[in-house]
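Have a look at the structure below before the remarks.
The values are calculated or read from the model by the stated rules, or taken from the named source; none is laboratory data. Predicted, not measured: the structure shown is a model, and the values here were computed from it. Counting neighbours? That spans all protein chains shown, and the Cβs are built from the backbone with ideal geometry, glycine included.
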């Protein structure tokens, strides 16, 4: 596991880094009886990752599978924290020793969902390793290396009738060369999970 060095941004593994810019589409799929998931495809329509949410009584987690259907990452919401926090673990583990990174909201009160990302070896969490800056309404997101203005990936949301009425959101993600696209996809999924849990809690508070 590495940060941004040797002109490469490797978090999950070097096999997820492309020397060329990468354009990915992330489509949210809603299953009426079994929650939701995501499907990630490249420019040629090939499936790169499939993602499935697993919702329990007190915790929710998300599993990310590669094209061969092997689990590469488990995302889990951390309970009882001031900031909305998600942790990412290797494979299908949720063991602390397999922690790869944590993502947490930059502040408790914010109109847009901005996230600070800390790699597992960044114990003090004084300075984030990556950060996400989201536009109002979450239609656009920029991902930066550390506190710098170095953009490593960008997400734009496609608003369609399906996304508005059925919750089938679609996101276009541009990943810069030599940037770990599995890591970028996991960040976009965390962002959407935080946004959707915020919506559901606001709905429940109004009923």
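Of the numbered conditions (1) at pLDDT below 90; (2) in a strand (DSSP E or B); (3) touching a helix residue (DSSP H, G or I) at 6+ places or on another chain (Cβ under 6 Å), residue 157 fails exactly one; give the number of that condition.
Status for residue 157: all satisfied but (3).
What pairs can you find where one residue is in the stretch 46-70 and at pLDDT 95 or above, the other is surrounded by fewer than 18 Cβ atoms within 10 Å (Cβ to Cβ) and not in a strand (DSSP E or B), and their Cβ atoms are less than 7 Å apart, with a gap of 6+ or different chains?
Between residues of the stretch 46-70 that are at pLDDT 95 or above and residues that are surrounded by fewer than 18 Cβ atoms within 10 Å (Cβ to Cβ) and not in a strand (DSSP E or B), the close pairs are 47/67; 48/42; 48/67; 63/92.
Taking only the stretch 11-29 into account, find how many residues are under 21 Å from residue 191 (Cα atoms) and loosely packed, with under 15 Cβ neighbours inside 10 Å.
Residues flagged as under 21 Å from residue 191 (Cα atoms) and loosely packed, with under 15 Cβ neighbours inside 10 Å within the stretch 11-29 amount to 1.
Looking at the stretch 28-41, is at least one residue within 16 Å of residue 182 (Cα to Cα), assigned to a loop (DSSP other than H, G, I, E, B), in contact with a strand residue (DSSP E or B) (Cβ under 9 Å, 6 or more places away or on another chain) and modelled with pLDDT of 90 or more?
Within the stretch 28-41 (the criterion being within 16 Å of residue 182 (Cα to Cα), assigned to a loop (DSSP other than H, G, I, E, B), in contact with a strand residue (DSSP E or B) (Cβ under 9 Å, 6 or more places away or on another chain) and modelled with pLDDT of 90 or more), the answer is no, since none of the residues qualifies.
Against the conditions (1) assigned to a strand (DSSP E or B); (2) buried (at least 19 other Cβ atoms within 10 Å of the Cβ); (3) at pLDDT below 90, where does residue 113 fall short? Just the number, please.
With (1) assigned to a strand (DSSP E or B); (2) buried (at least 19 other Cβ atoms within 10 Å of the Cβ); (3) at pLDDT below 90 applied to residue 113, the lone miss is (1).
What is the residue count in the stretch 134-145 for residues that are farther than 17 Å from residue 189 by Cβ and modelled with pLDDT of 95 or more?
Result for the stretch 134-145: 2.
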